[in-house]
1. If we only count helices (runs of 4 or more DSSP H) wholly inside the stretch 62-179, which ones have 1 or more residues that are in contact with a Phe, Trp or Tyr (Cβ under 7 Å, 6 or more places away or on another chain) and touching a residue at least 40 places away in the same chain (Cβ under 8 Å)?
2. Scan the stretch 23-36 and give yes if some residue there is of a type outside the set (A, V, I, L, M), open to solvent by less than 30 Å² (accessible area, probe 1.4 Å), farther than 22 Å from ILE109 by Cβ and out of contact with any Asp or Glu (no Cβ under 6 Å at 6 or more places or on another chain), otherwise no.
3. Got a number for residues in the stretch 1-13 being buried (at least 22 other Cβ atoms within 10 Å of the Cβ) and outside any strand (DSSP E or B)?
4. Given the conditions (1) within 20 Å of HIS164 (Cα to Cα); (2) open to solvent by 70 Å² or more (accessible area, probe 1.4 Å), and given that PRO64 satisfies all but one, which numbered condition is not satisfied?
5. Looking at the stretch 47-61 only, could you name the residues that are open to solvent by 60 Å² or more (accessible area, probe 1.4 Å) and polar (S, T, N, Q)?
6. Among the candidates VAL167, VAL113, which residue alone is touching a strand residue (DSSP E or B) at 6+ places or on another chain (Cβ under 9 Å), open to solvent by less than 70 Å² (accessible area, probe 1.4 Å) and closer than 20 Å to SER39 by Cα?
7. Determine whether the stretch 45-53 contains at least one residue that is farther than 21 Å from VAL167 by Cβ and either more than 17 Å from the chain's Cα centre (by Cα) or modelled with pLDDT of 95 or more (or both).
Amino acid sequence: MSRTLYVIVCAAGVASGVGRLIALAQEDGWTVQVIATPSALAFIDTAALKEQTGRPVRSRYRAPTDPRPPRADAIILAPATYNTINKFAHGFADTYALGLLAEAPGLGIPVVVLPCVQTALASRLPFRRSVDDLRAEGVDVLLGPGALEPHEPGSSDPGEFPWHLPVQALRSKPLRGTP
């Protein structure tokens, strides 16, 4: 049985390394569909990701005449930016990526978030509240000791980003439609 994983990518310098996450997910048997926020398109190689996944990178809602893609069995949001995490927590759906995230908890689709935030933003009360709110809804936010620690401003490195963490986190999650 095929399992579909949506990997939602935000505009962060480390986004260029998302192919590593995709390879790890594929090794675990996932069929991967990449969804990019509109700003993330400038940070990723959409042609290479299409070749890696066999599917075009999506960043917009489909046209009514386009075929409906399979629904996600799970979603990984990585790298997740300050802006997207706050919008997700507050229910915004002003992009295709946020629309998918907004409905996922209500549909019982597991969501794992791997933030890419620097210390000045991660320390802000609105961000800390957003992380707490998402966790209260069952979203797995991989932030803090034993997960991802915020980086100093200007110091993120795609080579050091822990792409393996969200794939590992999914291994312990029940998927939509399974007991």
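1. Passing ranges, in order: 82-89, 96-107, 125-136.
2. No, that holds for no residue.
3. If we filter the stretch 1-13 for residues that are buried (at least 22 other Cβ atoms within 10 Å of the Cβ), which is where we start, we get 5-10, 12.
Those left that are additionally outside any strand (DSSP E or B): 10, 12.
The qualifying residues number 2.
4. (1)
5. Residue satisfying the conditions is GLN52 alone.
6. VAL113
7. So in the stretch 45-53, the residues farther than 21 Å from VAL167 by Cβ come out as 46-47.
Now drop any that are not either more than 17 Å from the chain's Cα centre (by Cα) or modelled with pLDDT of 95 or more (or both), which leaves 46-47.
Checking the stretch 45-53: at least one residue is farther than 21 Å from VAL167 by Cβ and either more than 17 Å from the chain's Cα centre (by Cα) or modelled with pLDDT of 95 or more (or both).
For (1) at pLDDT 90 or above; (2) open to solvent by 20 Å² or more (accessible area, probe 1.4 Å); (3) closer than 25 Å to SER16 by Cβ; (4) among the aliphatic types (A, V, I, L, M), each residue gets a yes or a no:
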residue	(1), (2), (3), (4)
VAL117	yes, no, yes, yes
ALA120	yes, yes, yes, yes
PRO126	yes, yes, no, no
GLY138	yes, yes, no, no
GLU149	no, yes, yes, no
SER155	no, yes, yes, no
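The values are calculated or read from the model by the stated rules, or taken from the named source; none is laboratory data. Predicted model, so just to flag it, every value in this text is computed and none were measured. FYI the Cβ positions are ideal-geometry reconstructions off the backbone, even for glycines, and counts take in every protein chain you see. Accessible surface areas use protein heavy atoms only, side chains included; no ligands, DNA or RNA. Shrake-Rupley method; radii C 1.70, N 1.55, O 1.52, S 1.80 Å.
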